[in-house]
Protein chains: 2
Amino acid sequence: MRVGGGPASQQGVRRANLALVLDAIASAPRSRAELVAATGLTRAAVSSLVDELTTAGLVAECGPAAPSGKVGRPGTALTLAPDGPGGLGGEIGVAHLAACVVDLRGDVRQWRRLAVDNRGRPVEAVLADLAGLLHDVVDRAGTVPAGLALAVPGPVGAAEGTVVRAPNLGWSDVPVAAGLRTALRTVGAIDLAGLPIDVENEANLGGLAELWLAGRPDDFCHLSAEAGIGAALVVGGRLLRGAGGFAGELGHVPVHPDGPDCPCGARGCLERYAGERAVLEAAGLAGVDGDWVVLLAERARAGDAKVRDALAGAGTALGIAAAGAVSLLDPAEVVLGGGYAELAQWLLPAMRRELAGRVTVRPWADERLTVSPLGRRGPLLGAAVGVVRSVIADPGRFAED
Amino acid sequence: MRVGGGPASQQGVRRANLALVLDAIASAPRSRAELVAATGLTRAAVSSLVDELTTAGLVAECGPAAPSGKVGRPGTALTLAPDGPGGLGGEIGVAHLAACVVDLRGDVRQWRRLAVDNRGRPVEAVLADLAGLLHDVVDRAGTVPAGLALAVPGPVGAAEGTVVRAPNLGWSDVPVAAGLRTALRTVGAIDLAGLPIDVENEANLGGLAELWLAGRPDDFCHLSAEAGIGAALVVGGRLLRGAGGFAGELGHVPVHPDGPDCPCGARGCLERYAGERAVLEAAGLAGVDGDWVVLLAERARAGDAKVRDALAGAGTALGIAAAGAVSLLDPAEVVLGGGYAELAQWLLPAMRRELAGRVTVRPWADERLTVSPLGRRGPLLGAAVGVVRSVIADPGRFAED
């Protein structure tokens, strides 16, 4: 096969080798000698690559490596730099804003959440608050992030960083990345306005967090409720985004086609049975202030029969929709995430019943319906960890910046 | 990056180059000089690779190449060998068996279909009939196939060539490939029992045929009815098979969760509204002999109101299920295939109505619901064409055989 021009190709190989070495270090602290063994590169190449990664602030020495059993001094163990460039995550919710910083290892350094009703607020006001929160966590963490990723409660369009539609916020075609960049310029000591900004649907980020941090298999559906109900569909270890980036719109899958009208214009959608508003109404709690998930969980735990019935009803609808998704997609697992994770004990019995009764033409087992350990922290974690994962996947790009 | 051992790697490069050259020839007849330009390989390498492909019977000369405008004699144009190894396809239906041979270019050389009620027949009898049909088309085509692929009316398990469940045939855990190999040994002049045998769900093959032969985009859902209702989900140009190979079981997606019992054990599945039996019952034609699709189309064309209503009802249910699939998967197109393609004019209005009314949180347009030009020929075409596509994708493997 023809290979591209010389210099470009050599640069490409070096870049791939930087990633190879950093990936080996990310999986476990290693000496240079161990890196030679793990990568198959020469000792000279490893030394030069490690130097470059160290200069870029990605790798640090962390004392002597474990004795290898071989003759001679043990080498110095190399590890991901604890103060290297981290990941900055932001989250726009219907009733909250949040921001966090993770370090290069994915450990959370700072985490702040602000309860604020964003429904109907001017976009600029929301983004100004978020910018303040982002600057705050970066200042406290004391590490300059490599990038910023934002979880938003709606599908993100092909035009980069545009929220196409977030009906729960009253947003449509909002250019979130550009607006946030402007807001970031007006506050803060550290320059965050120059960072690359990724904008992603919160449900997708929740699913990716589950894949990266919770040891899920390569094929699963992650069902979550935040502003709306969303699914992240992971197929072969990758997110299924669909032709236009709108995949996973589980909330508007028809559950009872002749059911009640849905604000989306259709009838009997899942959200009319298992969405925040529907469950609160069924529980007799419509209009009650506060965090709906916490509210429902407290009442259910206290034995409130009406709340438990409402959650059982939501579980039935979720189970019907999940059964359809399982029939179509054949995932290894269905994961209950986001706010549903905190309500799982009252949702699961009905979900299990529906799945067992409706998924009949293939093997299905109760234990394939699982609960996310990340819950509502998933989307923000997914945003921030995604940033450092992309640094580790291609450190050459970062080193060049 | 470390590269594997020398000889193995050289063999890998040669194999890749064989594929590169054959792919260039498959896209259009070309002279050796044109192959040099198209592939970037040296003239000597192209000559040697062409020789190998010619010896393997994959490439033939087809007269002088088109004048290039350059000085000198035009070279000899090379093309896929018209008598090279073809693809053999077989199909097991509930009420028919079929077999076909396509040549290396994908052109159909032989096609035979046998109406036979396979419900409840011994597996051996079905496979013996199919073996006879396969030998018959190969004898008539006069070309030795490179492989055999079989379309079956049910999901195919991980154990190669096993039909896990074909309830409409009364089959469960039938080792089809092994059984067919045995049957192929007992008949015929040409040895077919030694061929590689692939077994695949008919719905998946119908979708692949649509992708390969009907110019579909890389993301679409192909809905078809044969024995049951199946969907082929094509995502990023590849078939979505699911964790266990059971993806696309559209027939048992719940449409009306409290609807009538389904033989699968669940209630209100799509098959209870749009499957063969359900539509015939609704049309007042239960128990009438003959090809159900032809029967319904004839009556509907003649203006039979009850049949038209039955098809509209099926279209409504298909539209509801398709709306759910669109919400989950965001395909660029939904393709109505298999038997539904012949009934499309009576199904489409209701399907369009449901899709327009239920797919509201993203762009949707009527023209994204399309009809397969292949119809019920899709699965068998997909089987046979898949064989020659795999030869062209890796001719080295075939040449070594």
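So the check is Cβ under 6 Å with 6+ separation or different chains; which pairs have a first residue in segment B:36-61 that's closer than 20 Å to B:A146 by Cα and at pLDDT below 95 and a second one that's of a type in the set (D, E) and assigned to a helix (DSSP H, G or I)?
Once the first residue is closer than 20 Å to B:A146 by Cα and at pLDDT below 95 and sits in segment B:36-61, no partner that is of a type in the set (D, E) and assigned to a helix (DSSP H, G or I) comes close enough.
Would you mention how many residues in segment B:264-307 are part of a helix (DSSP H, G or I), within 23 Å of B:G154 (Cα to Cα) and either among the β-branched types (V, I, T) or touching a Lys or Arg at 6+ places or on another chain (Cβ under 6 Å) (or both)?
Number of matching residues: 4.
Please find, within segment B:194-207, the residue that is surrounded by the fewest Cβ atoms within 10 Å (Cβ to Cβ) out of those that are away from every other protein chain (no Cβ under 14 Å) and not in a helix (DSSP H, G or I). Write out each step before concluding.
Initially, segment B:194-207 is screened for residues away from every other protein chain (no Cβ under 14 Å), giving B:194-200, B:202, B:205-206.
From the residues that got through so far, the ones that are not in a helix (DSSP H, G or I) too are B:194-200.
Numbers: B:G194: 10, B:L195: 21, B:P196: 13, B:I197: 21, B:D198: 20, B:V199: 23, B:E200: 22.
Per the stated criteria, the residue is B:G194.
Identify all residues within segment A:112-125 that are touching a residue at least 40 places away in the same chain (Cβ under 8 Å) and within 23 Å of the chain's Cα centre (by Cα); write none if there are none.
Answer for segment A:112-125, where residues must be touching a residue at least 40 places away in the same chain (Cβ under 8 Å) and within 23 Å of the chain's Cα centre (by Cα): A:A115, A:N118, A:R119, A:V123.
Just wondering, is there one or more residues in segment A:350-366 that are away from chain B (no Cβ under 12 Å), over 30 Å from A:R15 (Cβ atoms) and touching a strand residue (DSSP E or B) at 6+ places or on another chain (Cβ under 7 Å)?
Checking segment A:350-366: at least one residue is away from chain B (no Cβ under 12 Å), over 30 Å from A:R15 (Cβ atoms) and touching a strand residue (DSSP E or B) at 6+ places or on another chain (Cβ under 7 Å).
If I filter segment A:208-254 down to residues being assigned to a strand (DSSP E or B) and without any contact (Cβ under 8 Å) to a residue 24 or more places away in the chain, which single residue comes out as surrounded by the fewest Cβ atoms within 10 Å (Cβ to Cβ)?
So the residue we want is A:R238.
What about B:L270, is it closer than 24 Å to B:R377 by Cβ, within 12 Å of another protein chain (Cβ to nearest Cβ), surrounded by 22 or more Cβ atoms within 10 Å (Cβ to Cβ) and not small (G, A, S)?
On the way: closer than 24 Å to B:R377 by Cβ: yes; within 12 Å of another protein chain (Cβ to nearest Cβ): yes; surrounded by 22 or more Cβ atoms within 10 Å (Cβ to Cβ): yes; not small (G, A, S): yes.
Answer is yes for this residue.
Among the numbered conditions (1) touching a residue at least 40 places away in the same chain (Cβ under 8 Å); (2) closer than 30 Å to B:P363 by Cα, tell me where B:L348 comes up short.
B:L348 satisfies all of (1) touching a residue at least 40 places away in the same chain (Cβ under 8 Å); (2) closer than 30 Å to B:P363 by Cα except (1).
So A:V371 clears everything in (1) modelled with pLDDT of 95 or more; (2) within 14 Å of chain B (Cβ to nearest Cβ); (3) more than 23 Å from A:R272 (Cβ to Cβ) except one condition, right? Which one?
(2)
Can we say A:A225 is of a type in the set (G, A, S) and farther than 22 Å from A:R376 by Cβ?
No: the conditions fail for A:A225.
Being away from chain A (no Cβ under 13 Å) and surrounded by fewer than 22 Cβ atoms within 10 Å (Cβ to Cβ) is the filter; apply it to segment B:153-169 and report the residue that is modelled with the highest pLDDT.
B:T162
For segment B:208-244, which residues satisfy the criterion of being at positive phi and at the interface with chain A (Cβ under 7 Å from one of its Cβ atoms)?
Of everything in segment B:208-244, just one residue is at positive phi and at the interface with chain A (Cβ under 7 Å from one of its Cβ atoms), namely B:G242.
Restrict the check to segment A:361-382 and report whether at least one residue is in a helix (DSSP H, G or I) and among the hydrophobic types (A, V, I, L, M, F, W, C).
Yes, the conditions are met somewhere in segment A:361-382.
Identify the residue in segment A:308-349 that is within 14 Å of chain B (Cβ to nearest Cβ) and assigned to a strand (DSSP E or B) and, among all such residues, is surrounded by the fewest Cβ atoms within 10 Å (Cβ to Cβ).
The extreme case among them is A:E333.
Going through segment B:263-320 one residue at a time, which ones are of a type outside the set (A, V, I, L, M), farther than 24 Å from A:A323 by Cβ and modelled with pLDDT of 95 or more? Before the answer, list the steps.
So in segment B:263-320, the residues of a type outside the set (A, V, I, L, M) come out as B:263-265, B:267-269, B:271-273, B:275-277, B:281, B:284, B:287, B:289-292, B:298-299, B:301, B:303-304, B:306, B:308-309, B:313, B:315-316, B:319.
Then drop every residue that is not farther than 24 Å from A:A323 by Cβ, which leaves B:281, B:284, B:287, B:289-292, B:298-299, B:301, B:303-304, B:306, B:308-309.
Once the filter is applied, which keeps residues that are of a type outside the set (A, V, I, L, M), farther than 24 Å from A:A323 by Cβ and modelled with pLDDT of 95 or more, segment B:263-320 yields B:E281, B:G284, B:E298, B:R299, B:R301, B:G303, B:D304, B:K306, B:R308, B:D309.
The values are calculated or read from the model by the stated rules, or taken from the named source; none is laboratory data. Owing to the predicted nature of the structure, the values given are computational and were not obtained by experimental measurement. Glycine also receives a Cβ, built like all others from the backbone with ideal geometry; neighbour counts cover every protein chain displayed.
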